[in-house]
Amino acid sequence: MGAGKSVGGHTPQLEEDASTKKITHPVPFNLTKPKPKKIPEPQAIAQTTSANPVPKHIFKKNLADVEKEKEDRRKAKTEEIRKEYEENPKKEFELTTAQRPTV
């Protein structure tokens with residue numbers, strides 16, 4: 001066998017190299033910190049409300065007048081539909097219950 005080699009164990013030269021080697025110590029990275037982005041200041045929006053004035057004709061009517069107009073309009077529409085069906089017999093509904101004899 002040659003010098004420096006042993007068959008069953010460690011060589012004395014390798015043991016010396018392991019004891020003389022320096023241990024690696026971790027060192028943190030020296031990274032630069034990112035600069036914070038500048039957010040622009042929000043522009044102030046004027047918070048004024050501008051509403052149109054209430055029309056004067058709104059105050060001329062009261063609730064009773066509005067209800068009366070609504071009732072008159074409803075009655076007029078009902079009469080118009082009733083006349084339309086009385087004038088044209090084809091539009092009149094023929095129900096089977098009306099054809100049954102009454103007891």
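Only a single item in (1) modelled with pLDDT of 85 or more; (2) surrounded by fewer than 10 Cβ atoms within 10 Å (Cβ to Cβ) is not met by T32, and it is number (1). Within the range 50-77, the set of residues being β-branched (V, I, T) and loosely packed, with under 10 Cβ neighbours inside 10 Å comprises V54, I58. The C-beta contact set for the range 76-103 (first residue at pLDDT 80 or above, second residue part of a loop (DSSP other than H, G, I, E, B), distance under 7 angstrom, 6+ apart or interchain) comprises Y85/E92.
The values are calculated or read from the model by the stated rules, or taken from the named source; none is laboratory data. These numbers were taken from a predicted model, which means no experiment stands behind them. Counting neighbours? That spans all protein chains shown, and the Cβs are built from the backbone with ideal geometry, glycine included.
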